[in-house]
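Chemist: Here it is, the structure in full.
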Amino acid sequence: MKRLGFTKIAKAILVAMITLIFLIPSVYATDKPEKITVVYGGSSWLGHYPAWVGMEKGTFKKRGLGVLFQRFYASSGRMGALVAGDLDFASTGSISGIALMASGIKTFYAFGTQDSYATVEGIVAKEEIKSIKDLKGKKLAVTFASSAHVLALDILEQNGLEPVKDVMLINLKVSEMPAAFKTGEVDACALWTPMFNKLLRMKGAHLLLDDTQFSLFKKYGLGPGPDLLVVRKEFIEKYPNTTKAFLEGYFEAVELLKNSPKECAEVLVKLTNLTMEEQMGVLKDIQWYGFAKQRELMDKPGSFVEGMQKLADFLVKHKQIDKAPAVKEWVNTAILK
Amino acid sequence: MRGKKSQVTRYAYISVASFVLIMVLWEAFCRLGFIEPIFLPSPSQIFSRALKMYDQGTLFLHVIASTRRVMVGFMVSSLVAIPVGLFLGSSRFFKAIFDPVISLLRPLPSMSWIPISLLWLGISETQKYSIVFMGSFAPSLLYIIESTRNIDPILIRAAENLGATKRDVIKEVILPGAMPQIIAGLKVMLGIAWTCIISAELVAAQEGLGFLIMNAKEYFQTDTIFLGMLLISLTVIIIDVTFRRIEGRLLPWTR
């Protein structure tokens, strides 16, 4: 009997141990990212600083994630790649986001906005152009379908000027503007950082206005192309732990940007090619929104989404898109829980 | 003769029927929701976009702007390529001199000329013409050289024996002999010139079919992209038919 009892106890211990061996890793595994590499769509624009800082400062790595930072010149290319399934997360200029929503595609979600900025985008003009009215009969370079384009259209409207009729808008990439400005082929340029800062340094150039003059900024504090964080719908359904880990790493980087800007600027200059001084200048003008702020902006009461809806209406008014999408339908804050 | 005519009519019916069938299937495929309109808009969606742009008065503005750019670039390219091609095709010595340069220019895509053309010509219309010119010049030149070299050497020797100078040979023998092939080649080159329009209108363009396509891409307006592509094809077809008529008048023996 005693021997039998001992055997039973030994067996029970053995079973318990085996169960434990299998249980411990499985409990641990529930938090482990299902996919270890996240593909992020970025560029040198300030909206991508958190992803870059996260990569450089190891906020993703410590959560077992590798982030592949894919660079795109324009938000439209980035959003196209997201829809095609080549990107998992991205930050986009909201004009592209709204345009994609207007096309009716439902394979992505908007879940946050990481920053609010002013004075990092604007119109740089020749010294003799003192006011917007002086732009009449002049050539203004803008990248069509960009936030700077929206800014230019709005500013002209505020000043009673019409594009084409009063001011010739020249469709140029931001990178091509300094050369066109230098040779005198354009009289002013509407552009954003980092090229905005570079053009301001050029001889004979001065700041005509910045994005604080945008009508929606005056009313709602919303810039002409606020940044929007987006994710592929299929990705969050398939990889909830990876999504969680990425968001934790991302917003930890946002906190770093808030609290240690100098430390962040040291790694950001590799992305932007700005000097430390210029980089610090850009960082100074950005207000970063952390994890806690996201639901308030996107959901309750959702002032950012309201502003986005106004921007969509603005784009329809200026014939940039056919109809305004109901932005709310693309917002998903469940992943922020 | 009558049998041949009825056969032509039959083939025309087949072409029309196949086109209609493709359109119907395409429309049905889209309407049944097999594919999102952002990836493939239906023909009716493209048509309604065309109507909208027609109402706004912008449809033909784009067609005219692109046609002007292509025609100017292509005409200048042809005007340079024809005499140079005839000359190089009839002189092995000069062809040997220019061969390395032509070989280097030939594989360059029109897009690769954008940065240089911007530096040299700025953002003017000339820059856009130059992109079409550079994209079509080297292939046109090679085609003309080959057309010239295909002339029967006996004809050239006969003319020379009769006392014709080098200039007379080019003018009286090579040019008329190579003309049908040159014109056939130019028709192909015109198509190539149209492929340069996207590159030509990539920088500082406010109108044109290339601009229309690239701008629509920024707003994910796939119907406008398809419309732009369709308009390029239709414009090329119309120009091609016009070209054939001119060819028929200039070279009646080729009909």
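The values are calculated or read from the model by the stated rules, or taken from the named source; none is laboratory data. All values derive from a computational prediction rather than experimental measurement. No Cβ is skipped: glycine too gets one built from the backbone with ideal geometry, and neighbour counts run over all protein chains shown.
Chemist: Looking only at helices (runs of 4 or more DSSP H) that lie completely in the stretch B:115-200, which have at least 3 residues being without any contact (Cβ under 8 Å) to a residue 12 or more places away in the chain?
Modeler: B:153-161
Chemist: Are any residues in the stretch A:145-158 surrounded by 16 or more Cβ atoms within 10 Å (Cβ to Cβ) and either in contact with a Lys or Arg (Cβ under 6 Å, 6 or more places away or on another chain) or more than 10 Å from every other protein chain (Cβ to nearest Cβ) (or both), and if so, which ones?
Modeler: Our first condition is that a residue be surrounded by 16 or more Cβ atoms within 10 Å (Cβ to Cβ); within the stretch A:145-158, this holds for A:145-156.
A:Ser147, A:Ala148, A:Val150, A:Leu151, A:Ala152, A:Leu153, A:Asp154, A:Ile155, A:Leu156 - these are the residues of the stretch A:145-158 that are surrounded by 16 or more Cβ atoms within 10 Å (Cβ to Cβ) and either in contact with a Lys or Arg (Cβ under 6 Å, 6 or more places away or on another chain) or more than 10 Å from every other protein chain (Cβ to nearest Cβ) (or both).
Chemist: I've got another one for you. Can you tell me which condition B:Tyr13 does not meet? The list is (1) over 20 Å from B:Ile225 (Cβ atoms); (2) in contact (Cβ under 8 Å) with a residue 24 or more places away in the chain; (3) hydroxyl-bearing (Ser, Thr, Tyr), and all the others hold.
Modeler: Going through (1) over 20 Å from B:Ile225 (Cβ atoms); (2) in contact (Cβ under 8 Å) with a residue 24 or more places away in the chain; (3) hydroxyl-bearing (Ser, Thr, Tyr) one by one, B:Tyr13 breaks only (2).
Chemist: Now for a different question. Please enumerate the residues belonging to the stretch B:189-213 that are at positive phi and among the charged types (D, E, K, R).
Modeler: Answer for the stretch B:189-213, where residues must be at positive phi and among the charged types (D, E, K, R): there is none.
Chemist: Which of the following residues is surrounded by 21 or more Cβ atoms within 10 Å (Cβ to Cβ), hydrophobic (A, V, I, L, M, F, W, C), assigned by TED's automatic domain parsing to the domain that holds B:Leu212 and modelled with pLDDT of 95 or more: B:Val76, B:Val132, B:Val80, B:Val72?
Modeler: On the way: B:Val76 fails: surrounded by 21 or more Cβ atoms within 10 Å (Cβ to Cβ); B:Val80 fails: surrounded by 21 or more Cβ atoms within 10 Å (Cβ to Cβ); B:Val72 fails: surrounded by 21 or more Cβ atoms within 10 Å (Cβ to Cβ).
Only one candidate qualifies: B:Val132.
Chemist: Moving on to the next point. Say whether the condition of being more than 12 Å from every other protein chain (Cβ to nearest Cβ), within 18 Å of A:Ile132 (Cα to Cα) and free of Cβ contacts under 8 Å to residues at least 24 places away in the same chain is met by at least one residue in the stretch A:162-170.
Modeler: Checked the stretch A:162-170: at least one residue is more than 12 Å from every other protein chain (Cβ to nearest Cβ), within 18 Å of A:Ile132 (Cα to Cα) and free of Cβ contacts under 8 Å to residues at least 24 places away in the same chain.
Chemist: Where residues in the stretch A:171-209 are away from chain B (no Cβ under 14 Å) and free of Cβ contacts under 8 Å to residues at least 12 places away in the same chain, which of them is farthest from A:Gly93 (Cα to Cα)?
Modeler: A:Lys203
Chemist: Taking into account only those residues within the stretch A:113-124 that are under 11 Å from the mean Cα position of the chain (by Cα) and of a type outside the set (Gly, Ala, Ser), which is nearest to the other protein chains (Cβ to nearest Cβ)?
Modeler: Going residue by residue through the stretch A:113-124, those that are under 11 Å from the mean Cα position of the chain (by Cα) are A:113-116.
Keeping just the survivors that are of a type outside the set (Gly, Ala, Ser) gives A:113-115.
Values: A:Thr113: 21, A:Gln114: 23, A:Asp115: 22 Å.
Once the filter is applied, the top-ranked residue is A:Thr113.
Chemist: Pick from the stretch A:192-246 the residues that are closer than 30 Å to A:Asp86 by Cα, among the polar types (S, T, N, Q) and modelled with pLDDT of 90 or more: which of them is nearest to the chain's Cα centre (by Cα)?
Modeler: Out of the qualifying residues, it is A:Thr243.
Chemist: Only one of these conditions is not met by A:Ala180: (1) at pLDDT below 95; (2) in contact with a strand residue (DSSP E or B) (Cβ under 7 Å, 6 or more places away or on another chain); (3) more than 22 Å from B:Ile114 (Cα to Cα). Which number is it?
Modeler: Condition not satisfied by A:Ala180: (3).
Chemist: Sort out which residues of the stretch B:218-250 are among the hydrophobic types (A, V, I, L, M, F, W, C), under 24 Å from A:Lys323 (Cα atoms) and either within 14 Å of another protein chain (Cβ to nearest Cβ) or surrounded by 20 or more Cβ atoms within 10 Å (Cβ to Cβ) (or both), and write them in order of number.
Modeler: Selection gives B:Phe220, B:Ile225, B:Phe226, B:Leu227.
Chemist: Only strands (runs of 3 or more DSSP E) wholly contained in the stretch A:41-112 count here; list those with 1 or more residues that are within 14 Å of chain B (Cβ to nearest Cβ) and under 15 Å from A:Leu228 (Cβ atoms). Working first, answer last.
Modeler: On the way: elements: A:66-71, A:89-93, A:108-112.
Passing ranges, in order: A:89-93, A:108-112.
Chemist: Give all pairs with beta carbons closer than 7 Å in which a residue from the stretch A:286-302 that is over 18 Å from A:Gly223 (Cα atoms) meets a residue that is among the aromatic types (Phe, Trp, Tyr); count only pairs at least 6 apart in sequence or on separate chains.
Modeler: Short answer, once both residue conditions are applied: A:Gly290/A:Phe251; A:Phe291/A:Phe251.
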